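Take a look at the structure below.
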Amino acid sequence: MGQTLWKENWEISRKHYLDWWAGQGLVISMWGHVEQEGAPHEPIDPPPPARDWDQYWFDPEWRAANLHYHLSRSSFKADLLPVANTHLGPGSLAAILGSELEGGPDTIWIHPSPEPNAP
């Protein structure tokens, strides 16, 4: 069975990325998802609303379902790629180092670990 790709101009974008890494050309992309007009790439049901900001930011199953839903409705024109960005920024390293993370409406807050020397 064949595979359907959501990005119709993959070969052109692939060449743009390869050229750019070789120090030539231009890649036209951006962070985030731009909703496309018309039918979704695939009929994906939206997840239920997040019960709180912790689920929104830190629950991997809910986040995967939410990203899958949004990507199914995103435009991949120019060199935009269907990438599931976890967008925790410096929070990812902070979590590994033991900081406590708090979710908010548009960001996460990083609090020092109460036991900074604990393994």
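What Kirkwood radius, in Å to one decimal, follows from the Cα pairs of the stretch 1-43?
On the way: mean 1/r = 0.0787 Å⁻¹.
The answer is 12.7 Å.
How tilted is helix 10-21 with respect to the longest principal axis of the chain? Cα atoms for both, answer in degrees (0 to 90, nearest 10).
Helix 10-21 sits at roughly 60 degrees to that axis.
Note down the nm distance, to one decimal, between modelled labels 7 Å out along Cα→Cβ at Trp10 and at Gln24.
The modelled label-to-label distance comes out at 2.4 nm.
If each Cα of the chain is one equal point scatterer, what is log10 of I(q)/I(0) from the Debye formula at q = 0.09, 0.16, 0.17 Å⁻¹?
Taken in order of the listed q values, log10 I(q)/I(0) reads -0.37, -0.92, -0.97.
Hey, what did the stretch 44-119 get for relative contact order, percent, Cα under 8 Å, at least 6 apart? Working shown, then result.
On the way: 66 pairs, mean separation 19.0, N = 76.
Relative contact order comes out at 25 percent.
Taking the highest mean first, how do the peptides 7-14, 22-29 order by number of other beta carbon atoms within 10 angstrom per residue? Mind dumping the intermediate values first?
Numbers: 7-14: 13.8, 22-29: 10.5.
Ranked by mean Cβ neighbours within 10 Å, highest first: 7-14, 22-29.
Within the stretch 22-119, which chymotrypsin sites (Phe, Trp or Tyr not before Pro) sit in a loop by DSSP and count at most 10 neighbouring Cβ atoms inside 10 Å?
Working: sites: Trp31, Trp53, Tyr56, Trp57, Phe58, Trp62, Tyr69, Phe76, Trp109; in loops: Trp31, Phe76.
Within the stretch 22-119, the qualifying chymotrypsin sites (Phe, Trp or Tyr not before Pro) (loop, at most 10 other Cβ atoms within 10 Å) are Trp31.
Cα gyration tensor of the stretch 35-78, axes a ≥ b ≥ c as square roots of the eigenvalues: rounded (a/c below 1.5), prolate (a/b > b/c) or oblate?
Numbers: a/c = 2.86, a/b = 2.17, b/c = 1.32.
It comes out prolate by the Cα gyration axes.
The numbers here are math on the coordinates, done by the rules we state, and not lab data. Since we're looking at a predicted model, the values are computed, not measured. Positions of Cβ are backbone-derived with ideal geometry, glycine not excepted, and every protein chain shown enters the neighbour counts.
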